[in-house]
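Undergrad: My questions will all concern the structure given below.
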Amino acid sequence: MKHVRLTSALSAFRHVLAACALSLGLLSIAAPATSAATPAGWLRLAHLSPNTPAVDVYLYAFGNSHARVVLHHVSYGTVSPYLPAPAGVYTVAMRPAGAASSSAPVLSTAVHVHAADAYTVAGMGPAKGLRLQVLKDRLTSPPGHAMVRVIQASMREHLVTIRAGTDLIGKNLAFATATSYQPVSHGRLTVRAAGETEHALSTLTLDSGTIHTLVVLDEPGHLRIDNLTDAAGSKFQPDGGGPATGLGGTAPPRASSMTWLAFIAAGLLLAMTGLIRFRRDRRTEFPMR
């Protein structure tokens, strides 16, 4: 019986160790490669081409052949969190999902990151005309307002009009275009995106001082509006809140402390699962008398 108890204890201990190792592993992946003293900006990567298959996205620092970040199997509609990056020149490259890292990318572009600025690099357009577009993101807003821009990524609806409450954000926006930011009334608003045959409605809360990018996407039989929070006030780093779509591989570092808490919570949850399993095993092996 002692041998059985020892075996169960060792098994539970292994569960706890595995959970801690996983938590530490995730933290090592998520740790920014920049120090607090290094002037940095932020980069966000997106796949917004409806008829382009999933891709692997690579981020390289200029003159360095070793990828700083690799996102695997990134599908249409996926937007990464913001990645902190020291000021400098970077290359963003896309390869077919699963392609060797040494293979030639299907397309690439350079982006110059300035300290305290943020950028979105998005694969946009149809598959045959796919391009990487660099968009400079805004991080401040006028007092008492929210700021909103739109990326029109619906290919089925070539022209889309979008309103936030009574504010017209964009009229007849062509596929694969992005508007400039504009101020809107803050608060709880109904956002409507309408094409010739399809539309989407979404109720969003746009707080004063926040900056948002609304992405119009194709869904079967209708449109979808994804709300990305670019920044949450001038005193804060970019929030990076992407839509609820998976990154399909190694997730990039994020500039928000919430990610660190999430990783730690995940490790603790797994550890607790191991302990609960151990207790359940003990109850099975040693029933109460």
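Undergrad: For a test of the definition: using alpha carbon positions, the gyration tensor, and the 1.5 limit on a/c, classify segment 57-179 as rounded, prolate or oblate.
TA: The shape class here is oblate.
Undergrad: Here's something else I'd like to know. Long-range amide H contacts for Y119: which residues qualify at under 5 Å (H placed 1.01 Å from N, peptide plane, sequence gap of 5 or more or a different chain)?
TA: The answer is W42, L43, R44, D137.
Undergrad: Let me ask something else about it. Where does the charge balance sit around G221 when Lys and Arg score +1, Asp and Glu -1, over other residues with C-beta under 15 Å from its C-beta?
TA: Taking every Cβ under 15 Å from that of G221, the sum is -3.
Undergrad: Could you tally the net charge around E196, taking each other residue with its Cβ under 12 Å from the Cβ of E196, Lys/Arg +1 and Asp/Glu -1?
TA: Here the charged neighbours net out to -1.
Undergrad: Go ahead and collect, in residue order, the members of segment 174-192 whose backbone nitrogen is under 14 Å from a label point 7 Å along the Cα-Cβ direction of E219.
TA: So the set is 191-192.
Undergrad: Search the structure for amide H atoms under 5 Å from the amide H of H212, placed 1.01 Å from N in the peptide plane, and list their residues when 5 or more places away or on another chain.
TA: Residues meeting the amide H criterion: M147, V148, R149, D230.
Undergrad: A further question on this structure: Given the whole protein assembly as supplied and a 1.4 Å probe, what does the accessible area of H158 come to in Å², nearest 10?
TA: Its heavy atoms expose roughly 110 Å² to the probe.
The values are calculated or read from the model by the stated rules, or taken from the named source; none is laboratory data. None of the values given here were measured: they were computed from a predicted structure. Methodologically, a virtual Cβ is constructed for each residue, glycine included, from the backbone with ideal geometry; neighbour enumeration extends over all protein chains shown. These accessible areas exclude ligands, DNA and RNA; they are computed on the full protein's heavy atoms, side chains included. Shrake-Rupley method; radii C 1.70, N 1.55, O 1.52, S 1.80 Å.
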